[in-house]
Amino acid sequence: MEKIYSRSDVLLDANMGYCPGCLHGVIAKIVAEVIEELGIRDDTIAVLPIGCGALISSVLDTDAIIALHGRAPAVATGLKRTATEKFIFAYQGDGDLASIGLAEIMHAANRGENFPVLFVNNGIFGMTGGQMAPTTLIGQKATTAKSGRTPLEGYPMHMCEIISTLKAPVYIERCSLDSPQHILAAKKAIKKAFMNEIEGKGFSFIELLSNCPTNWSMSPQKSLEYMREHTIAEFPLGVYRDETAKED
Ligand SMILES: Cc1ncc(C[n+]2csc(CCOP(=O)(O)OP(=O)(O)O)c2C)c(N)n1
């Protein structure tokens with residue numbers, strides 16, 4: 001019988017601890033597959049956030065460091081500039097990146113640091129119990145916006161578009177994790193972003209639209225439907241910058 005799938009060796013045989021239906025686990029899986037395909041496991045240091053993303057350290061069989069809240073791009077900058085032979089990537093939630101860490105991501109992107117950032121946009125502060133994030137949709141409920149976000153709390157922040165105003169980043173793409181087809185596209189984008197670092201091309205930013213069934217108070221299936229109907233409508237998928245395409 002032909003073997004058509006095996007679990008990546010870069011995934012430890014451990015429990016991730018995620019809530020049922022949470023897509024952080026899917027990201028851990030595709031990141032592990034990309035690391036295995038590129039043969040960079042022994043060189044990799046994952047720079048993880050404060051938030052549910054930090055839990056991927058329990059399954060990802062690479063070195064990892066958990067940065068202070070929002071500071072992953074600053075920690076990744078220090079690591080990459082001093083240990084240039086290492087493969088560094090940052091992984092951040094939307095509370096971590098677009099709220100407390102907004103300055104760090106903007107300046108790392110503006111400097112064109114040679115590492116990719118994976119930005120997991122689930123529209124909410126997951127780990128702390130569902131507070132509103134900068135990316136929460138208008139009308140979307142949160143513990144700090146009981147009747148749904150209104151413009152009084154500002155509008156959802158579009159990080160790909162904001163980072164696209166900077167000159168230095170070489171690759172910016174927004175993907176979604178709501179379907180197998182979109183997950184495959186996300187894996188391709190992550191692989192390209194990782195390759196950009198290996199080839200010394202500079203800063204890549206991959207936004208991954210995700211879910212939080214627990215804090216959205218929805219079943220996993222309903223949360224995927226919500227993503228398709230509302231999240232993707234607010235945050236259009238696609239490539240926002242690809243300087244590497246011009247070079248190739
Ligand atoms: C300096 C600091 N402020 C606040 C917190 C509390 N805190 C922990 S995780 C988190 C937000 C996480 O949300 P997000 O980044 O969207 O990630 P998610 O858990 O949804 O994946 C906050 C505010 C903290 N740990 N440190």
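Summary of computed values
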| item | result |
| --- | --- |
| Residue check for Ala46: without any contact (Cβ under 8 Å) to a residue 60 or more places away in the chain, under 17 Å from the mean Cα position of the chain (by Cα) and at negative phi | yes |
| Matching residues in region 69-124 - criterion: being more than 10 Å from the ligand (Cβ to nearest atom) and among the acidic types (Asp, Glu) | Glu85, Glu104, Glu113 |
| Pairs where the first residue, in region 186-198, is among the aromatic types (Phe, Trp, Tyr) and the second is at pLDDT 95 or above and not in a helix (DSSP H, G or I), C-beta under 7 Å, 6+ apart | Phe194/Phe89; Phe194/Pro116 |
| Residues (away from the ligand (no atom under 16 Å from the Cβ), hydroxyl-bearing (Ser, Thr, Tyr) and more than 16 Å from the chain's Cα centre (by Cα)) located in region 190-248 | Ser219, Thr244 |
| From the options Gly78, Gly39, Gly101, Gly70, residue that is touching a Gly at 6+ places or on another chain (Cβ under 7 Å) and under 24 Å from Lys201 (Cβ atoms) | Gly101 |
| Selection from region 1-49 of residues that are aromatic (Phe, Trp, Tyr) and within 16 Å of the ligand (Cβ to nearest atom) | Tyr18 |
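The values are calculated or read from the model by the stated rules, or taken from the named source; none is laboratory data. Just so it is clear, the structure is predicted and the values come from calculations on it, not from any experiment. Please note: Cβ atoms are built from the backbone with ideal geometry, for glycine as well, and neighbour counts cover all protein chains shown.
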